[in-house]
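**Q** Could you have a look at this structure, given as structure tokens, before my questions?
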Amino acid sequence: MVMTIIGPDRTGLVESVARVVADHGGNWLESRMSRLGGEFAGILRIELPADKRTALLEALKNLQGQGLTIVVSPGDPAAPATPGRPAGLDIVGHDRPGIVREITSALARAQVNVEDFSSECVSAPMSGEPLFQAHARLQLPDGCNVAGLKTELEKIAGDLLVDISFAELAAK
């Protein structure tokens, strides 16, 4: 099962979800969780015996009564991995609107799948101006024109005045 959780951040929030999962025989497989703008947002994947699903969903309703929004999807344990080759992308530059849109538009045009994306704005050393930083794990489709993609990303980097590092990664 895959769950998304969002709500006001508070101490013990992750523990309360972990307790409900464990109390119903679930196994916490993987997750990504973060505090963003005072809110807690997370996505997690669990394994659960089929006969415990209804009881887990009822217990999660109690957490929703505590101000959380929880959405549960069945997940697909047999889902095949996305075909292609892994790549990494790092972006650093003065913050401005449109950075994510421009980069992800180029990736979408090249049929590149964004598997993981994280970003933040921090104070730049010395100047204190807002500095945008992002990291993405990508899956390049078979037949991807990597040279063409790099050229397009370099043009976008020049237009946006950001530094972009793009590299194919060794397959896991």
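The values are calculated or read from the model by the stated rules, or taken from the named source; none is laboratory data. Since the structure is predicted, the reported quantities are computational estimates derived from the model, not experimental observations. No Cβ is skipped: glycine too gets one built from the backbone with ideal geometry, and neighbour counts run over all protein chains shown.
**Q** Specify the residue that is surrounded by the most Cβ atoms within 10 Å (Cβ to Cβ); the eligible residues are those in the stretch 22-43 that are touching an Asp or Glu at 6+ places or on another chain (Cβ under 7 Å) and farther than 11 Å from residue 9 by Cβ.
**A** If we filter the stretch 22-43 for residues that are touching an Asp or Glu at 6+ places or on another chain (Cβ under 7 Å), which is where we start, we get 26-27, 29, 35, 38-40.
Now restrict to residues that are farther than 11 Å from residue 9 by Cβ: 26-27, 29.
On the way: 26: 19, 27: 11, 29: 13.
Filtering first and then ranking leaves 26.
**Q** When you look at residue 100, is it within 30 Å of residue 53 (Cβ to Cβ) and surrounded by 11 or more Cβ atoms within 10 Å (Cβ to Cβ), yes or no?
**A** Numbers: within 30 Å of residue 53 (Cβ to Cβ): no; surrounded by 11 or more Cβ atoms within 10 Å (Cβ to Cβ): yes.
Spelling it out, it is not the case that residue 100 is within 30 Å of residue 53 (Cβ to Cβ) and surrounded by 11 or more Cβ atoms within 10 Å (Cβ to Cβ).
**Q** Could you pull out the residue among 75, 98 that is closer than 30 Å to residue 149 by Cα, within 22 Å of the chain's Cα centre (by Cα) and not hydrophobic (A, V, I, L, M, F, W, C)?
**A** Working: 75 fails: closer than 30 Å to residue 149 by Cα.
None of the others qualify; the one that does is 98.
**Q** Shifting gears a bit: Anything in the stretch 41-69 that is assigned to a helix (DSSP H, G or I) and among the aliphatic types (A, V, I, L, M)? List them, or say none.
**A** Step one: list which residues in the stretch 41-69 are assigned to a helix (DSSP H, G or I), which gives 50-64.
Listed by number, the residues that qualify are 50, 55, 56, 57, 59, 60, 63.
**Q** Sticking with this structure for a sec: Filter the stretch 109-133 down to residues that are β-branched (Val, Ile, Thr) and either surrounded by 15 or more Cβ atoms within 10 Å (Cβ to Cβ) or within 18 Å of residue 36 (Cα to Cα) (or both), then give me how many there are. Even if it seems obvious, please write down each step before you answer.
**A** The initial filter retains those residues of the stretch 109-133 that are β-branched (Val, Ile, Thr), namely 112, 114, 122.
So of that shortlist, the ones also either surrounded by 15 or more Cβ atoms within 10 Å (Cβ to Cβ) or within 18 Å of residue 36 (Cα to Cα) (or both) come out as 112, 122.
Here the count works out to 2.
**Q** Is one or more of the residues making up the stretch 67-76 exposed (fewer than 15 other Cβ atoms within 10 Å of the Cβ), within 19 Å of residue 43 (Cα to Cα) and free of Cβ contacts under 8 Å to residues at least 60 places away in the same chain?
**A** Within the stretch 67-76, one or more residues are exposed (fewer than 15 other Cβ atoms within 10 Å of the Cβ), within 19 Å of residue 43 (Cα to Cα) and free of Cβ contacts under 8 Å to residues at least 60 places away in the same chain.
**Q** Report whether or not residue 50 is exposed (fewer than 12 other Cβ atoms within 10 Å of the Cβ), outside the structural domain of residue 118 (by TED's automatic domain parsing) and of a type in the set (A, V, I, L, M). Give the derivation first.
**A** Details: exposed (fewer than 12 other Cβ atoms within 10 Å of the Cβ): yes; outside the structural domain of residue 118 (by TED's automatic domain parsing): yes; of a type in the set (A, V, I, L, M): yes.
So residue 50 fits the description; yes.
**Q** Another one. Of all residues in the stretch 19-40, which are over 17 Å from the mean Cα position of the chain (by Cα) and closer than 14 Å to residue 68 by Cα?
**A** Going through the stretch 19-40, the residues over 17 Å from the mean Cα position of the chain (by Cα) turn out to be 19-28, 38.
Matches in the stretch 19-40: 20, 38.
**Q** Could you pull out the residue among 136, 106, 157 that is within 19 Å of the chain's Cα centre (by Cα), in a helix (DSSP H, G or I) and surrounded by 13 or more Cβ atoms within 10 Å (Cβ to Cβ)?
**A** Numbers: 136 fails: in a helix (DSSP H, G or I); 157 fails: within 19 Å of the chain's Cα centre (by Cα).
After ruling out the rest, the residue left standing is 106.
**Q** Taking the criterion of being closer than 29 Å to residue 33 by Cβ, at pLDDT 95 or above and assigned to a strand (DSSP E or B), would at least one residue in the stretch 140-154 satisfy it?
**A** Yes, some residue in the stretch 140-154 is closer than 29 Å to residue 33 by Cβ, at pLDDT 95 or above and assigned to a strand (DSSP E or B).
**Q** Quick check: is even one residue across the stretch 18-33 outside the structural domain of residue 135 (by TED's automatic domain parsing), touching a Phe, Trp or Tyr at 6+ places or on another chain (Cβ under 8 Å), assigned to a strand (DSSP E or B) and in contact (Cβ under 8 Å) with a residue 40 or more places away in the chain?
**A** There is no residue in the stretch 18-33 that is outside the structural domain of residue 135 (by TED's automatic domain parsing), touching a Phe, Trp or Tyr at 6+ places or on another chain (Cβ under 8 Å), assigned to a strand (DSSP E or B) and in contact (Cβ under 8 Å) with a residue 40 or more places away in the chain.
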